[in-house]
Amino acid sequence: MGRRDEGAYTLVETQTESRLVSARPTGSNELSKLIEQYGCGPVQFTGTNDALYERHLVFDNVMDAATIGARERFEAIARSVRDVLSQRWIRTEETYDRKDPKRVYYLSMEFLIGRSLANNVTNLLLDDNIKEVVQEKKLDWYELLEQEPDAGLGNGGLGRLAACFLDSMATMEIPAMGYGLRYQYGMFKQTIQDGWQHEVPDNWLRRPDPWEVSRQNETVEVPLNCSFKLSGGSLRAILGQPSSLIGVPFDRPVVGYGGKTINTLRLWEAAASDYFNFQEFSSGDFVGALAETLQAESLTRVLYPDDHTAKGQGLRFVQEYFLVASSLADLVRRFRKTNTDWRTLPDKVAIQLNDTHPTMAVPELMRILLDEAHLGWDDAWDLTQRTLAYTNHTLLPEALEKWPVIWFERMLPRHLEIIYEINRRLIDDVRRRFPKDEGRVQRVSLVEEGAERKIRMANLAIVGSHSTNGVAAIHSQLLRTMTVKDLAEMFPQRFSNKTNGVTPRRWLLMSNPTLSQTITEAIGEGWVTDLSQLKKLKPLAGDQALRQAFLKAKRQAKLHFIDWFTRTTGGKVDPDSIFDCQIKRIHEYKRQLLNALRIVVFYDRLRKNPNSEVTPRTFFFAGKAAPAYQLAKVILKLINNLAGIIDEDPIVRGRLKVLFLPDYCVSMAERLIPAADVSNQISTAGYEASGTSNMKFMMNGALTIGTRDGATIEMAEEAGEENFFLFGLTAEQVANSRGWYKPQWHYDNDPETRGALDMIFSDYFSRNEPGIFAPLRDALLTRGDYYMHLADLKSYLEADQRLCDLYADSAEWSRKAILNVAGSGKFSSDRTIAEYASEIWNATACPVS
């Protein structure tokens, strides 16, 4: 834990409570005023900082403290921290109720929040107090942190972005609330067996979560037009028998930096209504009697059910509706507490749809306004559009959700009626504005005709909202000009760009304390809440003392990572090697395969020239493959086999090492990203919407080798392209070469490309499993290398050579790394949220009082 001078928290004991309050003011009069503001009345400064901890440790567990284990000690620390923030959390909600500001509701199927203890300690400025307790009680802080599982609420960048946004909204005092689902098992826990990925349940809620608060008195009812029956081990929909799900809210605190504002992340758990089929139970059908309960509880059991099957897709469909229906019922209830006029809804409520997943908010809000508020269509439609806003996160057609019409017919017939009416009016408008252009009518229609009619959820989100934004400049441009070109031409004023960002509190201040201290000593502490101040580092990049301090901080981060790696795996890593990282979901367009090909070329070079002088390199990979994505699993297998062969080869031992880190998660990233020297951002140009790991690496002083894709383009603009290692085809070149690109040409004409592929396809890396990499041959050579790995390989290798040449000059490397940190200020989620607030939500800060 890093020590900072912003202030600390002091224990306050009254006759009725024991808690910690902010002690940022230095004078006793100022401190007393602050305490009075909290509503405590007169206080005496007595006791010690471990009073809360001791109380929770003993009384929560009803055990002698000497017999209590690490998990219980973690819970005691966590609950003590929650005690600190609880009164401010209550006061935050009271302030919103009293002042009635416009509130932002962020709907997302994912919130990849990671662990909460260290983050909450950082944002509450409690480091010194917790450090005091840890030292006095002789606790192992590392062991305590490891007791908290990463919250299984997300999969990748989409969910991590949502978590960063919540942090920024709380820090900026914007009245906001996140809505998601309380998945019991998360996505899955990834294990590696013989190089292959295996999925096991991630039961992250197996032990009590000390952060969440169950709100049983605020449940909502979600009606469906069918019921379910358990038959043959699976649930079957029964038409004509309407049923209801119960949404049970669980709240988690979202702590703004400094502890001024504590917003809420509300997660919904599905439950059955109070129903029990006593007749079935009495007749001996015990499981059937509980079918409704089993069906309801299954809904929020797992994140991202395997949508490879119709059953998995159907569960995801109901999950999305459950999230939307529960959240809208809740936020409407909040709105109606202080507002009687429905027509003020857009003035008091902003609903942001994080990708297409919550798009059913469009027909659901229309249903509420039509059927419950009894407004006319035109008024309801106007209010719906002005309340809703949509963020698009992908250009991949398979990620733009389309749901079968028949599912709406069976489960949500009223919503289908509303969608049909929206579509009828839309098509009439298209025909009026673009007469005789039936092709355009078909493309913009909310209904995709075909063997199976489907509802296009992205089209519905765009039509039913007042704002559609992309998440990087190139992504927003491609979205407007290619993906939804016809809709953008109809509603050009609705489209904008909001380049993503990450919170510097978690991803620099907390994760990299040594570098954070170095930055603060150089430019002051203001960067923590205003990351643009990092630009003050630019004129200092040539300063020898700062460069040495930066290199020392990087070394410290590497040693910290190695310590964690050795503790958890028993493995070893050379801190003097180049830490070369690619950590993200395994997917063909993200091109982990291209990275693997690069390593095969390096390996082949060293085998042929064993006396070559090379800087030792450790290549880190981490990421999960979707359970049904077989080719991604083959790529992952290649990486693991490559690691094994290189480890066994004495020619390259000590000079090349490949490590695949299983079960990638936020807490792993918090350790590896600060230690990284090189960040690989090598997606096929035009396919990565933005990326956020690229920003985290840059902020922590890694240099980027990458394509001109996503936010990497803007990052290079901020830091200077000369301080990046860019390579490969542009998005325009990728699109224009589709008709003539021949990967076989690269195999025939580039000896290193051919040599690497021949090694893989000759079973050099699969001697005991011949033929397992045949799918890679098929993807690269037979099926045309859709993501253009071979087209970019040579350029990738050339950029890598420039990178290695630079690394040999530590002074110049550190100068460029500091310039990268200095250029990362734009990529704070605070900046992104400020743009959302002013340009989309029309929301302002509401300080807690």
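The values are calculated or read from the model by the stated rules, or taken from the named source; none is laboratory data. If you're wondering where the values come from, they're calculated on a predicted model, not measured in any experiment. Every residue, glycine as well, gets a Cβ built from its backbone with ideal geometry; the counts of neighbours run over all protein chains shown. The area values use the complete protein model at the heavy-atom level, side chains included, leaving out ligands, DNA and RNA. Shrake-Rupley method; radii C 1.70, N 1.55, O 1.52, S 1.80 Å.
Tell me the Kirkwood hydrodynamic radius of segment 683-729 in angstroms, computed as one over the mean inverse distance between distinct C-alpha pairs.
Values: mean 1/r = 0.0951 Å⁻¹.
The answer is 10.5 Å.
Work out the length of the dipole vector of the chain about its Cα centre, built from +1 on the beta-carbon of each Lys and Arg and -1 on the beta-carbon of each Asp and Glu, and round it to the nearest 20 debye. Working shown, then result.
Numbers: 102 positive and 112 negative charges, 189 e Å.
My answer is approximately 900 debye.
Scan around Val254 for amide H atoms under 5 Å from its own, H built in the peptide plane at 1.01 Å from N, and keep only partners 5 or more places away or cross-chain.
Asn263, Thr264, Leu265
Return the long-range amide H neighbours of Val349 (sequence gap of 5 or more, or a different chain), with a cut-off of under 5 Å between placed amide H atoms.
Hits under the 5 Å cutoff: Arg103.
Of Lys99/Lys348; Lys454/Lys590; Lys498/Lys584; Lys535/Lys558; Lys538/Lys826; Lys131/Lys260, which sit over 18 Å apart, Cα to Cα? Can you show the working numbers first?
On the way: Lys99/Lys348 11 Å; Lys454/Lys590 28 Å; Lys498/Lys584 22 Å; Lys535/Lys558 25 Å; Lys538/Lys826 14 Å; Lys131/Lys260 22 Å.
Among Lys99/Lys348; Lys454/Lys590; Lys498/Lys584; Lys535/Lys558; Lys538/Lys826; Lys131/Lys260, the Cα-Cα distance tops 18 Å for Lys454/Lys590; Lys498/Lys584; Lys535/Lys558; Lys131/Lys260.
Using θ = phi - 60° and the Karplus relation 6.51 cos²θ - 1.76 cosθ + 1.60, list the HN-Hα couplings for segment 477-483 in order, rounded to whole Hz, with x at every Gly or Pro.
Listing the rounded values in order: 5, 5, 4, 6, 9, 10, 5 Hz.
Amide H neighbours of Lys189 under 5 Å, at least 5 residues apart or on other chains, H built in the peptide plane: list them.
Long-range HN contacts for Lys189: Val200, Asp202.
Starting at the first residue of segment 195-205, write each ³J(HN,Hα) from the Karplus equation 6.51 cos²θ - 1.76 cosθ + 1.60 with θ = phi - 60°, in whole Hz, x for Gly and Pro.
x, 9, 6, 10, 9, 10, x, 9, 7, 6, 9
If you wrap a convex hull around the C-alpha atoms of segment 798-847 and split its volume per residue, what is the figure in Å³?
Numbers: hull volume 4.9 nm³, N = 50.
That works out to 98 Å³ per residue.
Let me test this: with uniform point scatterers at the alpha carbons of segment 642-689, what is the Debye-based log₁₀ I(q)/I(0) at q = 0.26 1/Å?
The calculated log intensity ratios at q = 0.26 Å⁻¹ are -1.01.
Specify whether the C-alpha gyration tensor of segment 517-567 places it in the rounded, prolate or oblate class, a ≥ b ≥ c being the square roots of the eigenvalues: rounded for a/c under 1.5, otherwise prolate if a/b is larger than b/c and oblate if not. Let's see the in-between values first.
Working: a/c = 3.40, a/b = 1.69, b/c = 2.01.
It is oblate, given that a/c is not under 1.5 and a/b is not larger than b/c.
What would the Debye formula give as log10 I(q)/I(0) at q = 0.16, 0.17, 0.29, 0.31 Å⁻¹ for the alpha-carbon point model of segment 723-777, no solvent?
These q points yield log10 I(q)/I(0) values of -0.70, -0.76, -1.07, -1.12.
How much space per residue, in cubic angstrom, does the convex hull of the C-alpha atoms of segment 747-819 take up? Don't jump to the answer; show the numbers that get you there.
Numbers: hull volume 9.9 nm³, N = 73.
Here the figure is 135 Å³ per residue.
With the convex hull built on the Cα atoms of the chain, state its orientation-averaged projected area in nm². Show your work: numbers first, answer last.
On the way: hull surface 155.4 nm².
Mean projected area for the chain: 38.8 nm², to one decimal.
Based on the mean of other beta carbon atoms within 10 Å per residue, what is the order of 248-255, 836-843, most packed first? Display every interim value, and only then the final one.
Working: 248-255: 22.6, 836-843: 18.1.
Taking the mean over residues of other Cβ atoms within 10 Å, the ranking is 248-255, 836-843.
In segment 430-520, what is the volume of the convex hull around the alpha carbon atoms, normalised per residue and reported in Å³?
Once divided by residue count, the hull of segment 430-520 is 146 Å³.
Once the Cα gyration tensor of segment 701-830 is found, what semi-axes does its equivalent ellipsoid get, as square roots of 5 times the eigenvalues, in whole Å, sorted largest first?
On the way: eigenvalues 220, 72, 37 Å².
They are 33, 19, 14 Å, listed from largest to smallest.
Taking all pairs of distinct Cα atoms, average 1/r, flip it, and tell me the Kirkwood hydrodynamic radius of segment 346-395 in Å to one decimal place. Show your work: numbers first, answer last.
Details: mean 1/r = 0.0880 Å⁻¹.
Evaluated over segment 346-395, this radius sits at 11.4 Å.
Among the trypsin sites (Lys or Arg not before Pro) within segment 704-768, which fall in a DSSP loop and have no more than 16 other Cβ atoms within 10 Å of their own Cβ?
Values: sites: Arg708, Arg738, Arg754, Arg767; in loops: Arg708, Arg738, Arg767.
Taking segment 704-768 and a limit of 16 other Cβ atoms within 10 Å, the loop trypsin sites (Lys or Arg not before Pro) found are Arg738, Arg767.
Taking segment 494-594 on its own, what percent of its Cα-Cα pair distances exceed 21 Å?
Values: 2719 of 5050 pairs.
Everything past 21 Å amounts to 54 percent.
Mind ranking 85-95, 617-627, 688-698 by how tightly packed they are, going by the mean number of other C-beta atoms within 10 angstrom, highest first? Let's see the in-between values first.
Details: 85-95: 17.9, 617-627: 22.3, 688-698: 27.5.
Going by the mean number of other Cβ atoms within 10 Å, highest first, we get 688-698, 617-627, 85-95.
Dipole magnitude of segment 405-482 about its Cα centre, charges +1 at Lys/Arg Cβ and -1 at Asp/Glu Cβ only, in debye to the nearest 20? Show your work: numbers first, answer last.
Working: 14 positive and 10 negative charges, 40 e Å.
Dipole of segment 405-482, to the nearest 20 debye: 200 debye.
For the chain, what % of the accessible area comes from carbon and sulfur atoms, probe 1.4 Å? Walk me through the intermediate numbers first.
Numbers: 16410 of 32930 Å².
Reported share for carbon and sulfur atoms: 50 percent.
Only Lys, Arg, Asp and Glu count, each charged at its Cβ (+1, +1, -1, -1), so figure out the dipole size of segment 683-808 about its Cα centre, rounded to 20 debye. Working shown, then result.
Numbers: 10 positive and 20 negative charges, 78 e Å.
That gives segment 683-808 a dipole magnitude of about 380 debye.
What's the ranking of 160-167, 311-318 by average number of surrounding C-beta atoms within 10 Å, highest first? Working shown, then result.
Numbers: 160-167: 27.2, 311-318: 18.2.
Taking the mean over residues of other Cβ atoms within 10 Å, the ranking is 160-167, 311-318.
Per residue, how much accessible surface does the chain expose to a 1.4 Å probe? Answer in Å², no decimals. All intermediate terms of the calculation are to be shown ahead of the outcome.
Values: 32930 Å² over 849 residues.
Per residue, the chain has an accessible area of 39 Å².
So for segment 518-676, Kirkwood radius off the Cα pairs, Stokes-Einstein at 37 °C and 0.692 mPa s: how many µm² s⁻¹?
On the way: Rh = 17.8 Å.
Using the Kirkwood radius from Cα pairs, D works out to 185 µm²/s.
By a straight-distance test (C-alpha under 19 Å), which aspartates and glutamates pair with Lys552 as possible cross-link partners, with residues fewer than eight away in the same chain excluded?
Cross-link targets: Glu521, Asp543, Asp563, Asp574, Asp576, Asp580, Glu670, Asp677, Asp809, Glu812.
Between segment 113-137 and segment 542-601, what is the separation of their alpha carbon centroids in Å?
After rounding, the separation between the Cα centres reads 26 Å.
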